[in-house]
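Worksheet: one structure, shown below.
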Amino acid sequence: MSKVEVKGLYKIFGTTPKKILPMIKKGMSKDEILKKTGHGIGVNNANFNVEEGETFVVMGLSGSGKSTLIRCLNYLIEPTSGEIWIDDKNIVGCSKEDLMEIRRKKIAMVFQNFALLPHRTILDNIAFGLEIQNMDVNKRREKASEMLELVGLKGYGESYPSQLSGGMQQRVGLARALATDPDILLMDEAFSALDPLIRKEMQIELLKLQSKMKKTIIFITHDLDEALKIGDRIAIMKDGNIIQIDTPEEILKNPADDYVKEFVQDVNRAKVVTASTIMRDPDTVVYSKDGARIAVRKMKEASISSIFVTDRERHLKGILTIDDATNLLKSGKDNLDSIIHKDISTVSPDTAIEDLMQYFINSKYPVAVTDEENKLLGIIFKVSVLAGILGEDIVNV
């Protein structure tokens with residue numbers, strides 16, 4: 001279900017923006033329009049939707065239009081043309097009362113510069129939005145205390161912003177946004193003013209919070225690594241245009257044009273490509289009730305030296321080798337239970353390649369990809385990990 005839907009959105013800066021629309025629609029470039037008319041194009045025909053609970057990242061270089069876009073979404077900037085649907089309501093052209101209600105209850109924003117009130121305590125800063133909603137003072141302070149603990153700052157409620165580090169202040173800004181329990185969280189370059197180490201900590205913190213709260217997040221950044229780390233999907237902008245919208249892996253694998261290709265060429269693929277991309281289908285497995293003869297035959301047919309063992313519902317039981325199965329047959333036995341190796345490595349489908357490497361250091365077996373019910377989804381071989389890092393075709397490896 002789409003929580004936010006943007007249709008044909010334009011933002012043109014200048015004295016007569018409506019007169020510029022036909023020029024844009026005829027294909028005139030941003031530079032041409034600026035030179036000829038003095039008008040600037042902030043957003044050019046943006047179309048996208050954001051699903052409920054999704055982290056949607058908008059990224060691009062300075063001047064690409066990303067911050068203008070996010071400010072249109074809560075009407076800090078009025079669009080020139082287009083539609084912005086929040087749930088079932090188009091906020092473009094809606095009344096001031098309706099817009100105020102949406103801002104109070106549905107949308108919250110986290111800014112780059114923290115925007116904390118210097119003469120209020122941390123607790124009162126967090127409770128500020130609830131105060132505007134006329135919530136009882138005791139209830140809002142209780143709610144603010146909960147949010148303070150949620151972002152890892154329990155005990156700092158009576159401190160003032162100047163007494164906190166930049167990273168701690170940004171946590172307060174995040175807690176303040178979450179205190180009103182908004183459906184949608186807008187984050188405009190929220191971590192870009194932080195030191196690199198603190199920035200990484202805040203990215204991890206956001207991922208942890210999102211796993212608990214499942215908010216719909218629209219996150220603006222100029223940092224591709226940040227976008228790839230936190231985004232479920234990414235929209236890449238240039239000159240007010242959205243060039244590509246895709247998952248992080250798809251953008252790496254299939255950049256839409258040379259601009260996007262240049263953007264991603266230096267990305268550390270090991271941090272982005274996941275197990276689900278490089279795993280092979282578990283076509284050849286042996287069931288736990290099968291005998292050694294069937295296991296040996298399947299391994300010979302597939303030209304493999306080990307095989308995963310599952311039950312009929314694909315729940316993983318372990319792995320066995322062709323040597324063990326052959327020796328079992330030589331001893332006159334056929335039951336597989338005694339030769340199944342149960343101490344094997346398993347990972348989830350969203351495990352990054354860099355986290356997979358450790359499993360191959362001391363293991364002679366492939367890695368199994370399993371779901372939450374321990375069902376076998378795929379198999380990863382060492383060569384697949386290397387191919388994934390290099391960006392080669394996994395199927396042909």
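Observations
- When the P(r) is computed for the range 63-132, the part past 14 Å accounts for 67% of the Cα-Cα pairs.
- Electrostatic dipole magnitude of the range 274-367 [Cβ: Lys, Arg +1; Asp, Glu -1; Cα centre; debye, to 20]: 480
- Dipole of the chain [Lys/Arg +1, Asp/Glu -1 at C-beta], most positive-end residue of Gly157, Asn113, Gly291: Asn113
- Against the empirical curve 2.2 N^0.38 Å, the C-alpha radius of gyration of the range 159-204 lands at a ratio of 1.18.
- Cα-based Rg and Dmax for the range 79-171, where Dmax is the largest Cα-Cα distance (Å): 16.0, 47
- At 0.890 mPa s and 25 °C, Stokes diffusion of the chain via Kirkwood alpha-carbon radius, µm² per second: 101
- Calculated FRET efficiency for the pair Glu78/Lys212, C-beta based, R₀ 41 Å, to 0.05: 0.75
- Under a model in which nothing but the beta-carbon of Lys, Arg (+1) and Asp, Glu (-1) is charged, the chain shows a dipole of about 420 debye around its Cα centre.
- Only lysines eight or more places from Lys229 in sequence, or on another chain, were considered; those with a Cα closer than 24 Å are Lys3, Lys66, Lys200, Lys208, Lys212, Lys214, Lys215, Lys238, Lys253, Lys261, Lys271, Lys382.
- For q = 0.13, 0.17 Å⁻¹, Debye-computed log10 I/I(0) when each Cα of the range 35-79 counts as one equal scatterer: -0.36, -0.58
- You can think of it this way: the chain between Gln133 and Asp355 has 75.4 nm of extra reach, that is 0.36 nm per residue less the Cα-Cα gap.
- Dipole-positive endmost among Phe128, Thr55, Cys72 within the range 37-139 (Cβ charges, Cα centre): Phe128
- Between Asn374 and Leu117, the FRET efficiency estimated from the beta carbon spacing at R0 = 56 angstrom works out to 0.65.
- On the beta carbon distance between Glu52 and Val383, with R0 = 35 Å, the FRET formula returns roughly 0.35.
- The chain - percent of accessible surface contributed by carbon and sulfur, probe 1.4 Å: 48
- The range 107-217: Rg to Rh, with Rh as the Kirkwood radius over Cα pairs: 0.93
- Using alpha carbons only, the radius of gyration of the range 196-331 set against its Kirkwood radius gives Rg/Rh = 1.20.
- As a ratio to 2.2 N^0.38 Å, the alpha-carbon radius of gyration computed for the range 1-124 takes the value 1.20.
- Point-charge dipole on Cβ atoms (K/R +1, D/E -1) for the range 1-58, about Cα centre, debye to 20: 540
- Alpha-carbon centroids, the range 288-313 and the range 175-215: separation in whole Å: 47
- Per residue accessible area in Å² of the chain, where ligands, DNA and RNA are left out and the probe is 1.4 Å: 51
- Note: the range 288-331, Cα convex hull, 66 Å³ per residue.
- Segment Asp290-Asp334, extension gain: residue separation times 0.36 nm, minus the distance between their alpha carbons: 15.0 nm
- Computed over the range 1-74, Kirkwood Rh from alpha-carbon pairs, angstrom: 13.4
- Using alpha carbons only: equivalent-ellipsoid semi-axes of the range 227-270, gyration tensor based, whole Å: 16, 12, 9
The values are calculated or read from the model by the stated rules, or taken from the named source; none is laboratory data. Note that the structure is predicted; figures quoted are calculated from it, not measured. Here the Cβ is made from the backbone with ideal geometry for all residues, glycine too, and neighbour counts use every protein chain on show. Remember, those area values only see protein heavy atoms, side chains included, never the ligands or the DNA or RNA. Shrake-Rupley method; radii C 1.70, N 1.55, O 1.52, S 1.80 Å.
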